[in-house]
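Novice: Just dropping this structure here.
The values are calculated or read from the model by the stated rules, or taken from the named source; none is laboratory data. As the structure is a computational prediction, the values presented were derived from the model and not from experiment. Counting neighbours? That spans all protein chains shown, and the Cβs are built from the backbone with ideal geometry, glycine included. Just the protein is used for accessible areas: all its heavy atoms, side chains included, with ligands, DNA and RNA removed. Shrake-Rupley method; radii C 1.70, N 1.55, O 1.52, S 1.80 Å.
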Amino acid sequence: MEVLQALPNLLELFLSNAYGGECFCFTELGFQKLKILLLFNMKGLKTLNIHEGALPVVEHLAIEPSPQMEVPSGIRLLKTLTRIDFFGMPREFACSMRLQDGQNCHIVEHFPNIFFQESHANGQTTLSLR
């Protein structure tokens with residue numbers, strides 16, 4: 001991951017089944033030009049650590065099934081983020097970020113677009129927190 005974070009002109013990154021650990025870390029000064037980050041099929045992921053100075057221009061973050069993942073508190077540091085998509089996450093995860101009564105609302109309250117997408121027998125449902 002350190003090699004990818006240091007690539008000076010990387011604008012978009014899509015990782016699928018690319019990491020099997022429990023903690024994924026974005027270090028300070030990592031991904032300085034990255035605008036889109038998509039993390040898919042990281043089923044064992046529990047923690048997403050984002051350090052101050054990492055991902056300074058990211059605009060879109062999408063995370064697909066990481067059923068054990070905690071709400072990443074470091075996303076509050078991403079000042080340029082305009083859209084977050086969570087796919088197939090537990091409903092409790094989504095509820096914890098509701099502005100009215102979510103225990104983690106302070107982490108995401110300044111983001112304009114937060115979406116949770118669930119798949120079911122009749123298709124897909126999208127829930128917007130904004």
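Novice: Can you list the lysines whose alpha carbon sits under 25 Å from that of Lys33, skipping same-chain ones fewer than 8 residues off?
Specialist: Those lysines meeting the cut-off are Lys79.
Novice: While we're on this one: For segment 103-110, just list the computed ³J(HN,Hα) in residue order, Karplus coefficients 6.51, -1.76 and 1.60, θ = phi - 60°, integers in Hz, with x standing in for Gly and Pro.
Specialist: Per-residue couplings from phi come out as 5, 10, 4, 5, 6, 10, 4, 9 Hz.
Novice: If you take every DSSP beta bridge fully contained in the chain, what fraction is antiparallel? Give it as a percent rounded to 5.
Specialist: Values: 6 of 28 bridges.
Roughly 20 percent of the DSSP beta bridges within the chain come out antiparallel.
Novice: State in Å² the accessible area per residue of segment 1-78; use a 1.4 Å probe, count heavy atoms of protein chains only, and round to the nearest integer.
Specialist: Numbers: 4030 Å² over 78 residues.
Per-residue accessible area for segment 1-78 comes out at 52 Å².
Novice: Given the DSSP H assignment, sum -39500 (n - 2.57) over each helix run of at least 4 residues in the chain and divide by its residue total; what's the result at 222 nm in deg cm²/dmol, nearest 500? Working shown, then result.
Specialist: Numbers: 3 runs with 13 residues, N = 130.
Counting only the DSSP helices, I get -1500 deg cm²/dmol.
Novice: Dimensions of segment 1-109 along principal axes (Cα, Å, largest first)?
Specialist: 40, 28, 18
Novice: Just the number, please: carbon plus sulfur as a percent of the accessible area of the chain, 1.4 Å probe, no ligands or DNA/RNA counted. Working shown, then result.
Specialist: On the way: 3720 of 7060 Å².
Roughly 53 percent of what the probe reaches on the chain is carbon or sulfur.
Novice: Dipole of the chain, Cα-centred, from +1 at each Lys and Arg C-beta and -1 at each Asp and Glu C-beta, to the nearest 20 debye? Could the numbers behind the result be given before it?
Specialist: On the way: 10 positive and 13 negative charges, 41 e Å.
Charge dipole, the chain, about its Cα centre: 200 debye, nearest 20.
Novice: Which of the GluC sites (Glu not before Pro) found in segment 14-101 are loop residues per DSSP with 15 or fewer other Cβ atoms within 10 Å of their Cβ? Walk me through the numbers on the way to the answer.
Specialist: Values: sites: Glu22, Glu28, Glu52, Glu59, Glu70, Glu92; in loops: Glu22, Glu28, Glu52, Glu59, Glu70.
Within segment 14-101, the qualifying GluC sites (Glu not before Pro) (loop, at most 15 other Cβ atoms within 10 Å) are Glu22, Glu28, Glu52, Glu59, Glu70.
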